[in-house]
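Peer 1: Quick one: structure below, then a few questions.
The values are calculated or read from the model by the stated rules, or taken from the named source; none is laboratory data. Worth saying up front: this structure is predicted, and the values here are computed from it rather than measured. Positions of Cβ are backbone-derived with ideal geometry, glycine not excepted, and every protein chain shown enters the neighbour counts.
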């Protein structure tokens, strides 16, 4: 591994996982003195990718990372192809019993980024302008990955609520100029992400359980949604620069062809919402890339020189390690069984390269030796819902259901599905 020490830590972890499994990863992390990145890598490695989405314009251009000096002024961004304006239009509020017309300000920091990814992901996944948030604000934040939700003046719930109100009260102007002959230019004027949202900034404001995305924004989103991995977003949710770098690379790298593309640090700074290139900015991005590479090890980027070199890379949902920077083209070999909180019964499949690949179990999960392991996961992780109902939904909705897999692989994706199924059923209260 000594020859790989110059690589981002995520690349080193990926190589270590190939060479010696999780124990090797832990040794690399210990030598590098970085527990945070190792934990993020292992959690993302263990979980089946969960599709999330963000509009390509918002991947290419970022919100402010910190509160602007005058947060009532519009945010303007452009990258040569997209132009984006976020205008904090004044809204009517009630303060001390009197109507007041004022601007909430532009959104900034990590909270609106996470909220925006969630809202757009729900719209794209469900193919609907109507996005259900949850029964209450605490539940919604937990769905976003915030396990500890506090309600003090500087509590996580109040900080998130303020940023969501800012986010949805703004008007957005997006312009995209096509570069190809058949690529029609597109422009959206005065588009709100949502035009039916009840803000909850006041002490007696009711939480809006559902928002309706504006038709113009939703229509363009469906055609320009960039796939992300929700599991990675949860790991990056506390760092706005990490979220920006991850979403930018997820948008840009899969679209690069040939030997790659070179951009200046100044260009990257504009993409990430900085005014200009600086030594401090370069250092921040290089440090941030360590965490980003842990959740997106396929991202092949060289940040070591005076220019930024972007190489063709798979999208974040691709689990294979691909490219010369990872020394492998192909799928990862199964080193050990995936970590699971469920102890499979006697029918637990053998682990190793000789484990046979077969179809997902057919019929009822209530009978059969092989089915016992799947039934145990369903009973523990999916309660109180029927295991057979979950299996039927899995067979109907899992995109790789026809692909033969080892039972080790099936048990992992089945467990992830069961957990999400139970969460969705609990949130909706019905089918």
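Peer 1: Restricting to the range 342-360, name every residue that is more than 13 Å from residue 409 (Cα to Cα) and either loosely packed, with under 14 Cβ neighbours inside 10 Å or modelled with pLDDT of 85 or more (or both).
Peer 2: The answer is 343, 345, 346, 354.
Peer 1: So residue 27 clears everything in (1) assigned to a helix (DSSP H, G or I); (2) assigned by TED's automatic domain parsing to the domain that holds residue 270; (3) touching a residue at least 12 places away in the same chain (Cβ under 8 Å) except one condition, right? Which one?
Peer 2: (3)
Peer 1: Being surrounded by 11 or more Cβ atoms within 10 Å (Cβ to Cβ) and without any contact (Cβ under 8 Å) to a residue 60 or more places away in the chain is the filter; apply it to the range 79-102 and report the residue that is farthest from the chain's Cα centre (by Cα).
Peer 2: 100
Peer 1: Which one of these does residue 45 not meet: (1) in contact (Cβ under 8 Å) with a residue 40 or more places away in the chain; (2) part of a helix (DSSP H, G or I)?
Peer 2: (1)
Peer 1: Determine whether residue 327 is at positive phi and modelled with pLDDT under 60.
Peer 2: Yes.
Conditions (1) under 20 Å from the mean Cα position of the chain (by Cα); (2) at pLDDT 55 or above; (3) outside any loop (DSSP other than H, G, I, E, B); (4) within 16 Å of residue 59 (Cβ to Cβ), marked per residue:
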| site | (1), (2), (3), (4) |
| --- | --- |
| 165 | no, yes, yes, no |
| 173 | no, yes, yes, no |
| 189 | no, no, yes, no |
| 205 | no, no, no, no |
| 212 | no, yes, yes, no |
| 218 | yes, yes, yes, no |
| 222 | yes, yes, yes, yes |
| 233 | yes, yes, yes, yes |
| 244 | yes, yes, yes, yes |
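Peer 1: State all residues of the range 74-112 that are touching a helix residue (DSSP H, G or I) at 6+ places or on another chain (Cβ under 6 Å) and part of a loop (DSSP other than H, G, I, E, B); if no residue qualifies, say none.
Peer 2: Those that are touching a helix residue (DSSP H, G or I) at 6+ places or on another chain (Cβ under 6 Å) and part of a loop (DSSP other than H, G, I, E, B): 79, 104, 105, 107, 109.
Peer 1: Taking the condition farther than 25 Å from residue 425 by Cβ and at pLDDT below 85, does residue 139 pass?
Peer 2: For residue 139, the condition - farther than 25 Å from residue 425 by Cβ and at pLDDT below 85 - is not met.
Peer 1: Give the range 371-406 a look and list any residue that's in a loop (DSSP other than H, G, I, E, B) and either touching a strand residue (DSSP E or B) at 6+ places or on another chain (Cβ under 9 Å) or closer than 16 Å to residue 421 by Cβ (or both), or say none.
Peer 2: 382, 383, 384, 385, 386, 398, 399, 401, 404, 406
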